[in-house]
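The values are calculated or read from the model by the stated rules, or taken from the named source; none is laboratory data. Every value quoted in this text rests on a predicted model; they were computed, and no experiment measured them. Glycine also receives a Cβ, built like all others from the backbone with ideal geometry; neighbour counts cover every protein chain displayed.
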Amino acid sequence: MRSIHSLFSVAFILCTALVLNSSLSAQNKLSRISKVDRSDGKGVVIRYHFEQAIDSFEVIQPAPDLIQMVLYDNDIDTSGIVFPSEGEKVKQVFLYELDYGFGVDIYLSDNAAYIAKAYPDQDKKHLLVGLTRTTPEKINEYSQQFIARTWYDHVDFDADFDQAITIVNPAEVTDSYDPVRNKLKFDKIVIDAGHGGHDPGNLGYKRRAKEKDVVLAIAKKLGAYIEKGLPGVEVIYTRNSDTFVELEERGRIANRAEADLFVSIHADAFKSSRVRGASVFFLGLNRSDKSLEVMKEENQVYGTHGVLENLTEEDLIVYELAHSGNIAISERIAYMIEDQLKNRAKRKSRGVRQMGLVVLYQSTMPAILVETGFLTNPAEMRYLTSDRGQSYIASAIYRAIKQYKQEHDAGLSLNTSSAND
Ligand SMILES: [Zn+2]
């Protein structure tokens with residue numbers, strides 16, 4: 001957990017001129033600039049889809065409706081780049097080729113009042129610009145400190161003007177982007193059995209069960225169902241034996257695999273043995289206005305599974321930025337899993353909730369955490385430790401994933417947050 005926070009503190013201190021890496025590597029590619037509304041309703045996220053991390057960047061906002069950026073990287077291929085279509089918040093994006101990279105002008109709508117901050121995404125490749133709603137007075141005052149940049153000091157009008165300035169008109173290219181046609185295949189799933197090794201998880205009713213064993217058995221059954229029922233889908237386990245894997249490493253395994261879904265499997269515990277039922281969590285902020293307070297409260301309740309602690313408002317913004325595109329998918333799958341657990345496996349459901357859990361926070365893909373039931377409830381412990389019960393739970397999760405994949409492959413599960421892209 002500490003590594004996340006130190007990473008982000010560094011990011012914030014250096015956010016106006018952040019050196020991401022000093023790559024000696026080959027040409028970088030910027031394939032797309034996209035925008036999505038933040039799911040907390042507080043603004044917009046602009047995402048630069050780089051193939052690798054750029055050397056560094058700067059962001060200024062010299063006028064309330066103009067964000068200017070410099071992308072430092074002297075070899076960026078922008079051929080075929082896709083721009084976001086004109087929207088009610090972000091009007092247009094222009095790129096200017098410079099000797100040392102690209103200048104960018106992002107025009108917001110006239111009545112917009114957003115403050116822009118830029119951050120590297122968690123995978124460090126993409127660059128995110130978060131626009132957070134503010135008041136017209138505040139953005140007016142904020143923008144006073146910056147002087148607008150002129151990208152070309154001495155434009156030689158005798159030279160070929162069109163070549164000197166690479167301005168790509170968004171209107172010309174937006175038609176070529178079809179979020180359905182261009183969507184990624186849904187063919188790699190990471191299954192994360194919670195705990196393991198020296199971390200047994202909870203010990204169940206009268207210490208008669210170990211969460212780590214129950215969840216590993218369910219994880220393996222789930223993996224086997226997927227491999228059998230969904231040929232072509234690759235299953236990656238964060239652990240497939242009784243070993244301990246750090247929370248951060250679980251997320252890294254998923255990111256390295258560039259998986260399409262991360263499913264974490266746990267079993268619950270409570271001091272009262274009467275409490276029972278399955279819960280499904282998907283990553284993201286609570287949607288209420290008091291999201292931070294709610295998360296902190298819930299984090300205390302769910303402290304055993306490595307929730308985020310000491311979150312600052314900025315942590316939450318970065319988190320939200322990094323995941324804004326995945327939250328809608330995660331939510332959809334979470335409800336499908338809940339439906340299967342409740343209506344097919346006949347488990348008591350405690351509902352679907354949105355939450356920032358470290359194990360989910362670390363992954364940059366849709367992510368779900370299933371609390372399969374309470375091992376501290378005698379009946380649920382019997383069920384969850386039985387081969388039959390484990391099979392039912394695993395097949396419920398499997399059917400939900402299959403249902404989502406079918407939807408996805410049919411192009412029906414258009415992620416609502418990218419639909420306005
Ligand atoms: Zn657990």
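Matching residues to (1) closer than 16 Å to Ala367 by Cβ; (2) modelled with pLDDT of 90 or more; (3) within 16 Å of the ligand (Cβ to nearest atom):
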site	(1), (2), (3)
Ser176	no, no, no
Asp192	yes, yes, yes
Gly196	no, yes, yes
Ala209	no, yes, yes
Ala217	no, yes, yes
Leu222	yes, yes, yes
Ser241	no, yes, no
Arg256	yes, no, no
Ala267	no, yes, yes
query = Looking at (1) at pLDDT below 95; (2) crowded, with 19+ Cβ neighbours inside 10 Å; (3) among the hydroxyl-bearing types (Ser, Thr, Tyr), which is the only condition Tyr383 fails?
reply = (1)
task = Could you tell me which residue of region 122-139 is farthest from the chain's Cα centre (by Cα), considering only residues that are in a loop (DSSP other than H, G, I, E, B) and surrounded by fewer than 20 Cβ atoms within 10 Å (Cβ to Cβ)?
result = Thr135
Among residues of region 46-102, those that are in a strand (DSSP E or B) and in contact with a Lys or Arg (Cβ under 6 Å, 6 or more places away or on another chain), counted = 7
Residue tally, condition part of a loop (DSSP other than H, G, I, E, B) and touching a Gly at 6+ places or on another chain (Cβ under 8 Å), over region 332-351 = 2
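Return the residues of region 253-276 that are basic (Lys, Arg) and surrounded by 15 or more Cβ atoms within 10 Å (Cβ to Cβ); say none if nothing qualifies. Let's see the steps before the verdict.
Residues of region 253-276 that are basic (Lys, Arg), as a first pass: 256, 271, 274, 276.
Residue satisfying the conditions is Arg276 alone.
Of the residues that sit in region 272-298 and are part of a loop (DSSP other than H, G, I, E, B) and at pLDDT below 90, which one is farthest from the ligand (Cβ to nearest atom)? Don't jump to the end; show me each part of the working.
Pass one, region 272-298, residues part of a loop (DSSP other than H, G, I, E, B): 272-277, 284-290.
Remaining after also requiring at pLDDT below 90: 284-290.
Working: Gly284: 20, Leu285: 22, Asn286: 21, Arg287: 25, Ser288: 26, Asp289: 30, Lys290: 27 Å.
Only one residue fits best here, namely Asp289.
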ask   = Consider Ala26 against the criteria (1) modelled with pLDDT under 90; (2) touching a strand residue (DSSP E or B) at 6+ places or on another chain (Cβ under 9 Å): it satisfies all of them except one. Which criterion is unmet?
value = (2)
task = Search region 59-82 for residues being without any contact (Cβ under 8 Å) to a residue 60 or more places away in the chain and not aliphatic (A, V, I, L, M), and hand back the single one that is nearest to Asp105 (Cα to Cα).
result = Asp65
